[in-house]
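Below is one structure, written out as C-alpha cells; comments come after it.
The values are calculated or read from the model by the stated rules, or taken from the named source; none is laboratory data. All values reported here derive from a predicted model rather than from experimental measurement. Please note: Cβ atoms are built from the backbone with ideal geometry, for glycine as well, and neighbour counts cover all protein chains shown. Note: accessible area is taken over every heavy atom of the protein model, side chains too, but ligands, DNA and RNA are not part of it. Shrake-Rupley method; radii C 1.70, N 1.55, O 1.52, S 1.80 Å.
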Amino acid sequence: MQSVGDMARSLVLRTNQVRLREEMDKLAVEVSTGFVKDSAKHLNGDLSSLQEIDRTLSKLNAYRVNTTEATYITSTMQTSLDEMQTRSQTLSQTLIAADLTPTDPLLQTMSDDASNALDQIMNGLNRSVAGRTLFGGTATDRPAVASSEDMIADLQVALAGQTTLAGIEAQLDIFFGAGGSYETTTYEGSNNGIAPFQLSETDTANVDIRATDPVFRELLKPLAMAALASDTTLGLDTEVKVELLAKSGRDLLAAQQSIVELRAGLGALEGRIEETKTRNSAETASASLARLDLVGADSYESAARYENIRGQLESLYAITARSQRLSLADYL
C-alpha cells in the first residue's frame, strides 16, 4: 500500500505533468501560428487595440472579396463588349458594300452573316460568371435575353406587310424603342440593377450594364434588319433588300462610337477597382503588421522553450515510471 508520502509525490508529479503539457500545447500554437495563445494575458487585459485591428482586418477581407468579384465581372463584361464590337464592326464593312454586287445569292449570304452575328451578340448578352448572368440586372439566375430565333420570329410578325425601307425601319424603331417588344418580351432580365460593390470605406463600383442599354439596341436593330432583309416570309424585292443591307451597315458603323464609349467607361471603372484593391492590400499589410507587433510570438524563442519543456516532460515521465516501480517493489 502506498504511503502518504508516496501519494503526495505522485500527486506532485501528475500536477507537473499537466502543467508542462499545457505549456507545450500553448507553445505549439505559438510556433505554428506565430501569435501568442493568450492575447489577454500578453496585453495585460487591454484588448481594445487588438479588437480594433481585428475589426479593420475583417472589413478589409470583405472588401477583398468584393473587389475580386467586381474585377471578375467587369473583366468578363469587357471581353463580351470587345467581341460584340469586333464582330459588328467587321460585318458593317461588308454590309455597306451590298449595292456593289446586288445578286440574290450574295445578299442571302450577307443576311446569313448578319443572322450569325446577331446570334453571337445575343449570346454575349447572356454571358454569365459563376452562374450569375451579367447583363440582366438583379435577375442573375436566368438569361438576360431570349434567343435570336425567338426575337426574329417576333419581328417577322411585326414586319408582316411592310415592303419598303421606311416602313420596315419604322417598325424596327417601335420594336427596339422604349416600351417596345424588345424591352417587354425579348429582354428577360430585371428592370432593377445590381447593387454597387462596396470596395472600401469610401469607394463603390457600379457595374450595372443591362441588355436594355441603348448601346445594345443600336447594335441589335441593324443586325436584325440585315438578317431579315432576305427573309422569305417578307418577300422583299432585290432593291429593298439592298437598301436594308446597306442601311444596316451604315447604322452598325455609327453604333461603334457608343460601344467604344461604353467600353471606355467600363475600362475606367476597372482601373479604379484596381487602384482600390492596391490601397486595400497596403492597408491590410499595415494592419497585419500592427497585429503582429501586439500579439506576435517570437517563433525562435517559442520553439526553444518548447524543446526545453519537452525535455523536462520526458524526464518527468521517466521519474514517474521509476517511482511507481519502486513503490511496487516496496509493497511486495
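Taken together, Ala98, Ala70 contain a single residue that is closer than 21 Å to Arg127 by Cβ and open to solvent by less than 40 Å² (accessible area, probe 1.4 Å), which is Ala70. Considering only residues in the range 43-67 that are out of contact with any Lys or Arg (no Cβ under 8 Å at 6 or more places or on another chain) and either closer than 16 Å to Ile194 by Cβ or in a loop (DSSP other than H, G, I, E, B) (or both), the one that is most open to solvent (accessible area, probe 1.4 Å) turns out to be Asn44. From the list Thr67, Thr33, Thr56, the one residue that fits, being at pLDDT below 90 and of a type in the set (Val, Ile, Thr), is Thr33. Pairing residues of the range 53-64 that are in contact (Cβ under 8 Å) with a residue 24 or more places away in the chain with residues that are surrounded by 14 or more Cβ atoms within 10 Å (Cβ to Cβ) and of a type in the set (Lys, Arg), at Cβ distances under 8 Å and at least 6 apart in sequence or on separate chains, gives Ile53/Arg291; Asp54/Arg291; Leu57/Arg291; Arg64/Lys277. When we screen Ala254, Ala226 for residues that are out of contact with any strand residue (DSSP E or B) (no Cβ under 8 Å at 6 or more places or on another chain), of a type in the set (A, V, I, L, M, F, W, C), in a helix (DSSP H, G or I) and open to solvent by 10 Å² or more (accessible area, probe 1.4 Å), the only hit is Ala254. With respect to being open to solvent by 10 Å² or more (accessible area, probe 1.4 Å), in a helix (DSSP H, G or I) and either modelled with pLDDT of 95 or more or under 20 Å from Phe176 (Cα atoms) (or both), Gly267 fits the description. Take Gln85 and tell me if it is assigned to a helix (DSSP H, G or I), more than 24 Å from the chain's Cα centre (by Cα) and at pLDDT 95 or above. The answer is no for Gln85. Of all the residues in the range 229-243, those that are buried (at least 18 other Cβ atoms within 10 Å of the Cβ) and either outside any loop (DSSP other than H, G, I, E, B) or in contact with a strand residue (DSSP E or B) (Cβ under 9 Å, 6 or more places away or on another chain) (or both) number 5. The set of residues in the range 150-172 that are part of a helix (DSSP H, G or I), free of Cβ contacts under 8 Å to residues at least 12 places away in the same chain and open to solvent by 30 Å² or more (accessible area, probe 1.4 Å) comprises Ala153, Val157, Ala166, Ala170.
Scanning the range 191-208 for residues that are open to solvent by 20 Å² or more (accessible area, probe 1.4 Å) and either more than 30 Å from Ala62 (Cβ to Cβ) or in a loop (DSSP other than H, G, I, E, B) (or both) yields Asn191, Asn192, Gly193, Ile194, Ala195, Pro196, Glu201, Thr202, Asp203, Asn206, Asp208. Can you tell me which residue in the range 101-143 is surrounded by the most Cβ atoms within 10 Å (Cβ to Cβ), limited to those that are small (Gly, Ala, Ser), at pLDDT 95 or above and part of a loop (DSSP other than H, G, I, E, B)? Applying the filter and picking the extreme gives Gly136. Within the range 250-270, residues that are of a type in the set (A, V, I, L, M) sit with their Cβ atoms under 6 Å from residues that are in a helix (DSSP H, G or I) and open to solvent by 50 Å² or more (accessible area, probe 1.4 Å), at 6+ positions apart or across chains, in these pairs: Ala255/Glu218.
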